[in-house]
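Q: Below is one structure. I have some questions about it.
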Amino acid sequence: MEKVSVMQIGSKLTIDIVRKDIENIHLSVYPPTGRVRIAAPLQVEDETLRLFAISKLGWIRRHQRNFEAQDRQSPRLYKNRESHYFQGKRYLLRINEHNAPPKVILKTKRYLDLFVKPEASVEQKHLALTEWYRTELKKDVEPLINKWEKVIGVSVDDWQIKQMKTKWGTCNIEKKRIWINLELAKKPLICLEYIIVHEMVHLLERNHGDRFVGLMDKFLPQWRFYREELNRLPVSHGEWSY
């Protein structure tokens, strides 16, 4: 059971408070707007959370400034020479008209070729490219999970790819199921690997406390660098909308 409320700190900082059956207080700042969220045990009083938030104001402001500085892409129109990203690299879209089912071909270091019917709408072009991203991401996820199952010593029973609004990945610990954000197809492979390791470590430790950090340091010592790289890269216009 969760209890959701809102807390105001001063005139400019609004914090979403989520009380649930957990042991410790967890503070998060989400891109792109720097939305702040505190997850807290059910019995913790408002005043305790207010003082906790005030003690973390410097940390919160620093993360919000980082998100404000992050590049944003304008809405995609799916026209010739428009920029699109795949595995962290920028490509120019090249529209090819053909009377057959849509397809995407990547053969050069510069162009991403999208083949669609002459009357294809922006939405149809978007769907064609999205399905290509999904197919390509699936090719990378499975071998990475297989690799890290052996390293971490856990078993993933199921994994899926979906467009998520505020998270790069999630883990259902009870069902041993991992969800991967489709947008990771646009990021470098090491960023995808970092998210997969992060979610798989949750099968050993549910929370983001000291034990979780210690496990991440053990299995992927440079994980902080990969996290910074992930947050540094441009995000799409519709990504993280909530």
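The values are calculated or read from the model by the stated rules, or taken from the named source; none is laboratory data. Predicted model, so just to flag it, every value in this text is computed and none were measured. Glycine also receives a Cβ, built like all others from the backbone with ideal geometry; neighbour counts cover every protein chain displayed. Remember, those area values only see protein heavy atoms, side chains included, never the ligands or the DNA or RNA. Shrake-Rupley method; radii C 1.70, N 1.55, O 1.52, S 1.80 Å.
Q: Would you mind checking region 39-68 for residues with the amide N under 15 Å from a putative spin-label position 7 Å along Cα→C-beta of residue 16?
A: 39-40
Q: Okay, moving on. Say R0 is 25 Å: what FRET efficiency, to the nearest 0.05, do residue 8 and residue 211 get from their beta-carbon distance?
A: 0.15
Q: Per residue, what accessible area does the chain have, given a 1.4 Å probe and all protein chains present, in Å²?
A: 57 Å²
Q: Divide by every residue of the chain the summed helix terms, -39500 (n - 2.57) for each DSSP H run of at least 4, and state the resulting mean residue ellipticity at 222 nm, rounded to the nearest 500 deg cm²/dmol.
A: That calculation yields -11500 deg cm²/dmol at 222 nm.
Q: When the accessible area of the chain is split by element with a 1.4 Å probe, what percent falls to carbon and sulfur?
A: Carbon with sulfur: 50 percent of the solvent-accessible area.
Q: As an exercise, use a Förster radius of 25 Å and the Cβ-Cβ distance of residue 96 and residue 228 to find the FRET efficiency, rounded to the nearest 0.05.
A: 0.10
Q: Give me a comma-separated list of calculated 3J(HN,Hα) values for region 182-189, in order, Karplus coefficients 6.51, -1.76, 1.60 applied at θ = phi - 60°, integers in Hz, x for any Gly or Pro.
A: Working through the residues one at a time gives 4, 4, 5, 4, 8, 9, x, 4 Hz.
Q: Mind checking the dipole of the chain: about its Cα centre, +1 per Lys or Arg Cβ, -1 per Asp or Glu Cβ, Debye to the nearest 20?
A: So the dipole magnitude of the chain works out to roughly 820 debye.
Q: Something else about it: Output ³J(HN,Hα) for region 117-133: one whole-Hz value per residue in order, computed from phi by the Karplus curve 6.51 cos²θ - 1.76 cosθ + 1.60 with θ = phi - 60°, and x for Gly and Pro.
A: With coefficients 6.51, -1.76 and 1.60, one gets 5, x, 8, 4, 7, 4, 5, 5, 5, 4, 5, 4, 5, 4, 5, 5, 4 Hz.
Q: Follow-up question, since we're still on this one. In square nanometres, what is one fourth of the surface area of the convex hull spanned by the alpha carbons of region 76-175?
A: If I average the Cα hull's projected area over directions, I get 8.2 nm².
Q: Something else now. Give me a comma-separated list of calculated 3J(HN,Hα) values for region 90-104, in order, Karplus coefficients 6.51, -1.76, 1.60 applied at θ = phi - 60°, integers in Hz, x for any Gly or Pro.
A: Result, rounded to whole Hz: 8, 10, 9, 6, 10, 8, 10, 8, 7, 8, 7, x, x, 7, 10.
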